[in-house]
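The values are calculated or read from the model by the stated rules, or taken from the named source; none is laboratory data. All figures in this text were calculated on a predicted structure; none of them were measured in a lab. As a convention, Cβ positions derive from the backbone with ideal geometry for all residues, glycine included, and neighbour counts pool all protein chains shown.
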Ligand SMILES: [Zn+2]
């Protein structure tokens, strides 16, 4: 079985050895190459207590062979991209919408963890970042023939205006998006956000990201399923 060497969050032993107990596949992460998110329970040899660490694995083939790899490989990081331990903040944090690009999801999850820990200004700044990253992902690619100004490329307010003016984002989201941007700014620069404001930003961010990413992807998956069904019955 594989081992992993790191500091134990339970007994605080430094650079201690953990025995990997199992792999729990959690979800597929959007993007290329195919990446899967796992949680890995491990037992500390010093205190015998179990902790769960997060990890990503690239490629469907590797994902399928994890149990084999666990027998033949020695160190966890030889075949997994190992991250941090799952903590109580993860347990209490609200989940993100589905089907987000990895960088947008990471920003939202960090914001939700900050909110769950009572760090409201940090939460506001992270939700604003998730909006910033989402809006960047919607800009036309270089060479697409569509011209955008450097301000639209570099400044969130100008970029959002461009997205709404050109109907890339539905006008119904405009007020929520403006609120996330302005309140997120207040959190980052003035440290003025309380629990209620941070909750609103989290709620609005969830709804905006769901509209931009989750809904189209769910429709795409549903259409794909229908096409396969029709093909099979033809
Ligand atoms: Zn320990």
Q) How about segment 43-154: which helices (runs of 4 or more DSSP H) wholly inside it have at least 1 residues that are within 27 Å of residue 183 (Cα to Cα)? A) 88-92, 102-116, 120-137, 150-154
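Among the residues of segment 163-205, what is the count of those that are farther than 18 Å from residue 119 by Cβ and part of a helix (DSSP H, G or I)?
Step one: list which residues in segment 163-205 are farther than 18 Å from residue 119 by Cβ, which gives 163-179, 181-182, 204.
Pick out the ones that are also part of a helix (DSSP H, G or I) and you get 163-165, 171-179, 181-182, 204.
Selection size over segment 163-205: 15.
Could you list, in sequence order, the residues of segment 47-62 that are at positive phi and within 16 Å of the ligand (Cβ to nearest atom)? Before the answer, list the steps.
Within segment 47-62, the subset at positive phi is 48, 59.
Hit for segment 47-62 is 48, nothing else.
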Q: Filter segment 24-42 down to residues that are within 14 Å of the ligand (Cβ to nearest atom) and buried (at least 17 other Cβ atoms within 10 Å of the Cβ), then give me how many there are.
A: 1
Q.
Considering only segment 8-23, I want to know if a residue exists there that is touching a strand residue (DSSP E or B) at 6+ places or on another chain (Cβ under 7 Å), part of a strand (DSSP E or B), in contact (Cβ under 8 Å) with a residue 12 or more places away in the chain and surrounded by 18 or more Cβ atoms within 10 Å (Cβ to Cβ).
A. yes
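Regarding residue 195, is this residue outside the structural domain of residue 29 (by TED's automatic domain parsing), touching a helix residue (DSSP H, G or I) at 6+ places or on another chain (Cβ under 7 Å) and loosely packed, with under 15 Cβ neighbours inside 10 Å?
Values: outside the structural domain of residue 29 (by TED's automatic domain parsing): yes; touching a helix residue (DSSP H, G or I) at 6+ places or on another chain (Cβ under 7 Å): yes; loosely packed, with under 15 Cβ neighbours inside 10 Å: yes.
Yes.
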